[in-house]
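So the structure is just underneath, and the comments pick up after that.
None of the figures in this text is laboratory data; all of them are computed from the coordinates on show. Because the structure is predicted, anything quoted here is derived from the model rather than measured. Cβ placement follows ideal geometry from the backbone for every residue including glycine, while neighbour counts extend to all protein chains displayed.
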Amino acid sequence: MLSQNDIIRWIKTSATLIAENKDHLTDLDRAIGDADHGNNMDRGFKKVLAQLDGVKEKDIGSILKSVGMALISSVGGAAGPLYGTFFMQAANAVNAKQELSDTEVADFLLAGTHGLINRGKTKPGDKTIVDSLQPAVITLKEHIDAGEDIIEAMRQAVIRAEQGVQETIPLVARKGRASYLGERSAGHQDPGATSAYLILQALLEAIKSH
Amino acid sequence: MVGIVIVAHSNKLAEGVRDLAQQMVQGKAAIAIAAGTDDPANPLGTDASKIFQAIDSVYSDDGVVVLMDLGSAILSAETALDFFPDHQKENIYLCEAPLVEGVLSAAVQATGGGNIESVTEEARNALNAKTSQLGIDTTLKDAEQEVHGPADSTQEIVLPVRNKLGLHARPAAQFVSTASKFKAEIFVKNLSKNTDFVNAKSINQIITLGVRHGHQIMIAAAGSDASDAILSLNKLIDSNFNEEENASILTPLSQKDKGVRESKQNRNVLEGIPVSSGIAIGNAFIYRPVIPDVQEYGITDIEIEITRFRNALDEVKKDIETLQRETKKSMDAYDASIFESHLLYLNDPALVDHTRDIITEQLINAEAAWETALKEMINSYKSIGDQIVRDREVDLIDIGSQVMSKLTGKPRTHPDPDEPSILIAQELNPSETAQLNPEKILALCAEKGNKTSHSAIVARSFGIPAVFGIGERLLEIEETTTLIVDGNEGIVIVEPDNDTLKTYRKHQETDTAAKQKAVTRTLDKAVSVDGTVVGIMANVSYTSDIKYALEHGAEGVGLFRTEFLHMNRTTLPSEEDQYKVYKEAADLLGNRPLTIRTVDIGGDKPVPYLNIIKEPNPYLGWRGLRYCLDQIDVFKTQLRAILRAAYDRNVLLMFPMVTTVREMRAASAIINEVKQELSQDGYTFNDTIKIGAMIETPSAVMMAHRLINEVDFFSIGSNDLTQYVLAADRTNSKVATLGDPFDPAVLKMIHDTIVVAHNAGKRIGLCGEMAGDRLALPLLLGFGLDEFSMSPKLISEWKEALRSISAIKAKELAREALQCIAADDVKHLCSEFLKDI
């Protein structure tokens, strides 16, 4: 069970983790992209925080929608429309709810992931956000469907996300700026997969401190 | 004027491009910019909300073309599009052209008054100037990119295509079938249209090449059997695909005289089977399925979804193969080979593998994935702008909607015509006919089908003229062609001249006048000229039909179908829901009888939640009373509702498709159980409800003398009885003439059953098609039938006909008819009889 307060905490923790890892993300992006992922994500989540006060009393759908809109209009890079769509689609799945059951948590993350995949027309193995996000969300869903506690399920999901991040290292990028490098993109960890892992990590922490 | 939006990471870049373009058109273009971020420290980036505002600022219904630099610009532009309502979204084009050249060309075209299509097209072609200036040979580059494998093993050949159709329809299918026999990777391009290489094993990709008569194509193959592959394809093309004179499929009707009867007035007349009388004049509307919008949802089990998809493909393949076998018997092999191309669509990697990829990668349901794959393919057809290619769209949609229907378990969707029109269809199946909007249909014409097919029955009940079994020529008629449909004679006149039109308009008027007269007397009793009174009942499917039936002179309902209550839904209608419907129907009738038939569903109309699946032999399968006796819950729910509604109301109960006496006894036993349960539950119900058996099987006729002791009345279902007596499937047009209710074998069965009922002092009615057929009227009257139950539309004219017939003379006719040996002889007798009046 996740309350509207837990969601707020998740978003705040995400912003913190992104800020702490800003330089790390930018370094990763420097190797294979345009060296802006850390700055972009940090700017996006700062904007999210600025707008969060205005919606924190509202339902979960409204909160997520506000997060999505803030990211869409402030990130600047491809991560903006991608994560923006993720939160907007997730918002559509929960609508005006004030709290979410464990199953609903998995379902709204799944809905967001579908949105993101459709927006990016990308698939696992392309060396993108999807490489950590998608297997993690599926892991979460499987564990929850199997009747496991949400904290344990989320822990497994984060472990899977971390593994997904590692798996991006040997991949050749097929989407985004890194794909311009072709074979030279292999051997580097994907910054998008890394930021997705951080956001899932933030969710785990928010749930644990419930 | 078409608006232009520049989306770029850098504001400087966008401004530069804009200035360059405005200089060309003296600042007259409507160009807006969405570029860069608001963060001065990191000015490079894109912003979907900015793009939204930019599009909005230049938006008009003329449209907006959006040109983007790269990466997030594209994603942000797509995201921005989502903020627009659908009617605006369709006017906004995201164009893949290179930014600088694209904006320039678009600006020139837009200020010159070009529409959105031409502006987009112009932008797309913008790169050509640069390409040719630099002398880049794109053909060479494509070949290197597309044909894999070591260059020395790649074999190429350039060939002219000389057959009439080009690489379309059957030739395309033959080409792909031949290519698919080889292991080699094979690619083809159309040199005459300077296309890219495409996969020779994909029917869809071959069609997108738009190869016409006279074009040059290049085939490149790599792999161990590459040279054999090239040799075979070369041979096929050299043989002109064995096309010869058979390539008539695309020749317009007006240029063709084969099979079209030229009469004295020089009109094109198509002949078919008259299945519903009346005359209609109007424009042709081609009745084609469309790909429905389906619900997209996320899935977790990829395997299940892919299996569902594969099963749907397999089912459609089986259907096509069956049709192919049936067709081969009656057509030459060339015609039946059109099915080969349909089968190729179902094996095409560009559709099938792509759908599977979408399911796996996006984790969405098979329906949504299939819809996406189909729509992408249809769009790529559309973008080619070649009429013949666009005609192939019809095939693709045909196949696509069949698969979709298997996936969703729902009938295929068809659009209604905007104006009342004459519907041209290949074949109308029951579920599709049920969706027709009678107000938009002047007449029905079908390539296949016959008098007893379900859709013919529907046409008659709507009072719409219909001609079926017209054959392939019907499908050559083009949309909006003027047609006359004569449902009395069974002919369709294509593009009639003025004289013909005049003649038929007169016919129409006389028809209408006669109908008017009958309507004014419809509420009078149904009585013969010599005073014999019979009961006239209505067959209805919905309570909403009852008012209409009463206004048209029905004395009650002789058949209340309950199938529609059970179809097109996913759960059993509750006892309470059913009770309300039955009660409402009975109340509408006052004290007139309401004869409710328990649910009569079988494998011809599969209903998943009722466990009714498709059967190879649905008419001899699990249906009617047999089904109900096995599905006690469904049966009891309905019986409870009927018995409760019958309390203090004139409701009768009858069972469809009774085969044995034991079945009837089992049904009665269940009724008794239900009565006990109802009284235990404290409900009021009709304890003495009258029960009837429908006589539809030969066994019921032979055992009628025993069955009659189990029931209060009989009702003959002449449609099914005919098909069972003559062993002629009523959905199969090839045996249509055999399945004739006027056949003496059927008449004897009807006659004998009437005698049995009367000897037992019980009433007997007939609720099949025959009851409303005026030709059968004197016969059935002569047999002594008590009750005629028919479509309400037919009642007034039927009563009018009865008023001029003598029951005594009809008895003589009936006696004579029983001596005949063929249906035609009986019909001849009847029409002579009616002529004399």
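What to note about this one:
- Which of A:Lys175, B:Lys410 has the fewest Cβ neighbours within 10 Å, and the rest in rising order: B:Lys410, A:Lys175
- Potential lengthening between B:Leu775 and B:Ala41 on full extension [0.36 nm per residue; Cα-Cα distance subtracted]: 255.1 nm
- Dipole magnitude (debye, nearest 20) for the protein assembly as shown, charges at Cβ of Lys, Arg, Asp, Glu: 2080
- Put simply, the protein assembly as shown fits an ellipsoid with semi-axes of 63, 39, 27 Å; these come from the alpha carbon gyration tensor as the roots of five times its eigenvalues, largest first.
- Cβ neighbours within 10 Å from other chains - mean over B:40-48: 5
- Over segment B:533-835 - Rg/Rh using Cα atoms and the Kirkwood inverse-distance radius: 0.96
- Ranked by how many other beta carbons lie within 10 Å on average, peptides B:697-707, B:438-448, A:65-75 from highest: A:65-75, B:438-448, B:697-707
- Relative compactness, segment B:702-749, computed as alpha-carbon Rg over 2.2 N^0.38 Å: 1.32
- Residue-span extension gain [B:Arg569 to B:Glu495] - 0.36 nm each, minus C-alpha spacing: 22.4 nm
- Each Lys and Arg contributes +1 and each Asp and Glu -1, all at the Cβ; summed about the Cα centre of chain A, the dipole is approximately 720 debye.
- Cα-based helix-to-principal-axis angle, B:48-58 vs chain B, degrees rounded to 10: 80
- Taking every alpha-carbon pair within segment B:3-133, the share separated by more than 27 Å comes to 12 percent.
- Packing-based exposure ordering (other Cβ within 10 Å, fewest first) of B:Leu475, B:Leu313: B:Leu475, B:Leu313
- In this label model, B:Leu134 and B:Val394 are separated by 4.4 nm, measuring between points 7 Å along each Cα→Cβ vector.
- Per-residue average of Cβ from other chains inside 10 Å of A:65-75: 4
- Neighbour-count ranking [beta-carbon atoms within 10 angstrom, fewest first] of B:Trp370, B:Trp622, A:Trp10: B:Trp622, A:Trp10, B:Trp370
- Stretched out straight at 0.36 nm per residue, the stretch from B:Ile157 to B:Asp82 would grow longer than its current Cα-Cα span by 22.3 nm.
- Label-to-label distance, nm, for residues given as B:His758 and B:Glu296 (7 Å Cα→Cβ offset): 6.8
- Calculated FRET value between B:Asn709 and A:Thr103, using beta carbons and R₀ = 60 Å, to 0.05: 0.50
- P(r), alpha carbons of chain B - 10 Å bins starting at zero, rounded %: 2, 10, 17, 19, 18, 13, 10, 7, 3, 1, 0
- Share antiparallel - DSSP beta bridges, the protein assembly as shown, percent rounded to 5: 45
- For peptide B:75-86, the mean count of partner chain Cβ atoms within 10 Å of a residue's Cβ comes to 4.
- Lys/Arg +1, Asp/Glu -1 at C-beta; chain B dipole; positive extreme among B:Gln22, B:Ser699, B:Val290: B:Ser699
- Helix A:79-94 vs. chain A, principal-axis angle (Cα, 0 to 90°, nearest 10): 20
- Cα Rg, Dmax (largest Cα-Cα span) when computed across segment A:170-210, Å: 14.4, 45
- Report note on the peptides B:662-673, B:348-359: ranked by the mean count of other C-beta atoms within 10 Å, highest first, their order is B:348-359, B:662-673.
- Semi-axis lengths, Å, segment B:144-243, gyration tensor of Cα atoms, sqrt of 5 times eigenvalues: 20, 14, 12
- Considering only the Cα atoms of segment B:30-98, their convex hull presents on average a projected area of 4.7 nm².
- Distance violations [Cα-Cα > 29 Å] among B:Lys193/B:Lys406; A:Lys175/B:Lys406; B:Lys89/B:Lys201; B:Lys525/B:Lys835: B:Lys193/B:Lys406; A:Lys175/B:Lys406; B:Lys89/B:Lys201
- Listed residue (B:Ala54, B:Asn42, B:Asn128) projecting farthest to the positive dipole end of segment B:3-133, Cβ model: B:Asn128
- Base-10 log of normalised Debye intensity for segment B:721-837 (one unit scatterer per alpha-carbon) at q = 0.15, 0.18, 0.20 Å⁻¹: -0.66, -0.96, -1.18
- In nm, spacing of pseudo-spin labels at B:Asn115 and A:Arg184 (7 Å Cα→C-beta vector): 4.7
- Think of chain B as having a plus end and a minus end, set by charges on the Cβ of Lys, Arg, Asp and Glu; of B:Leu396, B:Asn311, B:Gln426, B:Gln426 sits farthest toward the positive end of this dipole.
- Chain B - charge dipole about Cα centre, Lys and Arg +1 at Cβ, Asp and Glu -1, debye rounded to 20: 2880
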